[in-house]
Amino acid sequence: METKRMFIDGEWVEAQSGETREIINPYNQEVIAVVPEAGRDDAKRAIQAARKAFDEGLWPDMPATERGQKLYQVAELIEKNKEELARLETLDTGKTLVESQADMDDIAGVFRYYAGLADKDGGEMIDAPIENAVSKVVREPVGVCGMITPWNYPLLQASWKLAPALAAGCTMVLKPSEITPLTTLKIAELLEEVGFPKGVVNIVTGAGPTVGAELSENTDVDLISFTGGIETGKKIMQAASNNVKKIALELGGKNPNIVFADSDFETAVDYALNAVYFHAGQVCSAGARLLVEENIHDRFVEELVKRVKNIKLGNGMDENTQMGPLTSAEHRTKVEKYIEIGKEEGAKLLIGGKRPEGAAFEKGFFVEPTIFDGCTSDMRIVQEETFGPILTIETFRTEEEAIRLANDTIYGLAGAVWTGDMNRAQRVSRALRMGTVWINDFHPYFPQAPWGGYKQSGIGRELGKTGLEEYTEQKHIFQNLDPQPMKWFG
Ligand SMILES: NC(=O)c1ccc[n+]([C@@H]2O[C@H](COP(=O)([O-])OP(=O)(O)OC[C@H]3O[C@@H](n4cnc5c(N)ncnc54)[C@H](O)[C@@H]3O)[C@@H](O)[C@H]2O)c1
Ligand SMILES: C[N+](C)(C)CC=O
């Protein structure tokens, strides 16, 4: 068990209060590390360091090509340290090692993508409607960024913020989830090895209502980028109004997976399982709502149940494990409450709905993969994000009904449509009010494509070109090439 420090103004420090927090392995409840429990004072110190690095430092004005070179070096170090990072992520979150390894590949890819994009926007000349003048539009870094990340994809979600913000020339204070801070602290070591000017990146470990709230309220922060739950997102939005901060919110989802009878049956069943049970359902874009055409419902559900029985639960570090524990005891309690709600609402529990039995599961925060059939869109288990291994099943008869049910949610993050009819695939994908729609697939995301939500799933986009633009301000510079007196006032 290691005692860690956090990274403020280029130094590894303890919390000013001396307080610490134990980080728990969700598979066996062993303490894997002790980290500083920062308070508002620590957050303020980090914000001041980032402010100074932005206002007086070299980073924002450094040629973008040089910033890009540094990001390439970060990508290389992530690849070099992939196994250690993946191991840490699995110990901290409970996800399988294969998933963590894939996350690390994605993270290196994100740094590489923004390294390449850093120097590609040289501004734009505008055809000014005024004689003897030139007009151009340039992008400049937005300033000091506060970043708050969740526990389900700790380092991946951090990378979606760190890489574009660094490419843009911003300085930043990042607060990882208090439950899973270890890989974020490790990447601070890698950033230190690459050598960013002090104060450019600060990592503060602590709770949401203290460190997170300070980042959201503090008037020296110019932008707050948050990934997490909808209720926290609303609080952050309110706090950000303090100094009219720019805000970027990546919130939850309740994502429909629509299966038409003319889809490839085998593949659709296979992906329906992966859509909801990957990372034990702790994915913002999990396909937790299956909408299946009525005439294939019985066969489809029978096959799902058969296959769910084979899912291997266990320690994420074990290569045979397909689904690990939930990430915290508190979260398991929430998921179990939703199972009770589903039963009370009259949904038909087909399988799961309880903790697995046996010595191997005694200490882990496990919940069995669960299926509720006979669901309707007025049920809470259909409307609310359970964020666990719970699949709800509804049926539809027509394309219009499928679209109506799919859109009947306050969320709008992602969804999928399975069909052999490509005209229908195009129609349905356009009709869904969601930031990402997959046709005959589920889950792919990559640095080149924007990610974010319609409706209450968030504000703004991460990844892609837009993910970089979020960290910039646009400036119009107009130059009169032949200034003469106007004589307007005589
Ligand atoms: N849209 C996306 O891309 C995306 C990606 C990953 C996770 N998520 C969402 O994240 C949620 C799960 O993560 P979670 O349980 O960690 O979310 P959460 O909202 O509980 O916590 C997220 C972060 O916010 C901090 N926080 C809590 N209260 C705060 C406050 N008052 N002020 C400032 N910060 C505060 C937490 O400490 C944590 O770092 C799910 O809803 C999931 O859908 C969304
Ligand atoms: C955005 N994503 C899919 C990587 C993680 C969501 O929880």
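Out of everything in the stretch 148-199 that is part of a loop (DSSP other than H, G, I, E, B) and more than 14 Å from ligand 1 (Cβ to nearest atom), what residue ends up being nearest to A118 (Cα to Cα)?
Per the criteria, the residue is G169.
If we keep just the residues of the stretch 96-138 that are of a type in the set (D, E) and touching a helix residue (DSSP H, G or I) at 6+ places or on another chain (Cβ under 7 Å), which is farthest from ligand 1 (Cβ to nearest atom)?
So the residue we want is D119.
Suppose we keep only residues that are under 20 Å from the mean Cα position of the chain (by Cα) and among the acidic types (D, E) within the stretch 229-266. Which one would you say is farthest from ligand 1 (Cβ to nearest atom)?
The selected residue is E231.
Kindly list, by first and then second residue, each pair from a residue in the stretch 201-225 that is surrounded by 22 or more Cβ atoms within 10 Å (Cβ to Cβ) and charged (D, E, K, R) to a residue that is modelled with pLDDT of 95 or more and in a helix (DSSP H, G or I), limited to pairs with Cβ atoms under 6 Å and residues at least 6 apart or on different chains.
E214/R40; E214/A43
Before we move on, is R51 among the basic types (K, R), modelled with pLDDT of 95 or more and within 24 Å of E469 (Cα to Cα)?
Yes, satisfied.
Residues in the stretch 279-307 that are more than 16 Å from ligand 2 (Cβ to nearest atom) and within 25 Å of L91 (Cα to Cα): how many?
Qualifying residue count for the region: 0.
For the stretch 267-290, which residues satisfy the criterion of being more than 11 Å from ligand 1 (Cβ to nearest atom) and in contact with a strand residue (DSSP E or B) (Cβ under 7 Å, 6 or more places away or on another chain)?
A268, A272, A275, V276, Y277, A280, G287, R289, L290, listed by residue number.
I'd like the full set of residues that are out of contact with any strand residue (DSSP E or B) (no Cβ under 8 Å at 6 or more places or on another chain), surrounded by fewer than 18 Cβ atoms within 10 Å (Cβ to Cβ) and in contact (Cβ under 8 Å) with a residue 40 or more places away in the chain, limited to the stretch 231-266.
D262
So, of the residues in the stretch 130-166 that are surrounded by fewer than 24 Cβ atoms within 10 Å (Cβ to Cβ) and among the basic types (K, R), which turns out to be nearest to ligand 2 (Cβ to nearest atom)?
Top of the filtered list is R139.
Residues that are farther than 25 Å from G10 by Cα: list the helices (runs of 4 or more DSSP H) wholly contained in the stretch 39-139 that include at least 3 such residues.
Hits in the stretch 39-139: 82-93, 97-117.
Out of the residues in the stretch 112-131 that are out of contact with any Leu (no Cβ under 6 Å at 6 or more places or on another chain) and of a type in the set (A, V, I, L, M), state the one that is nearest to S159 (Cα to Cα).
Here the answer is A118.
The values are calculated or read from the model by the stated rules, or taken from the named source; none is laboratory data. Keep in mind the model is a prediction, meaning the values are calculated, not measured. Don't worry about glycine lacking a Cβ; one is built from the backbone with ideal geometry, like all the others, and counts go over all protein chains shown.
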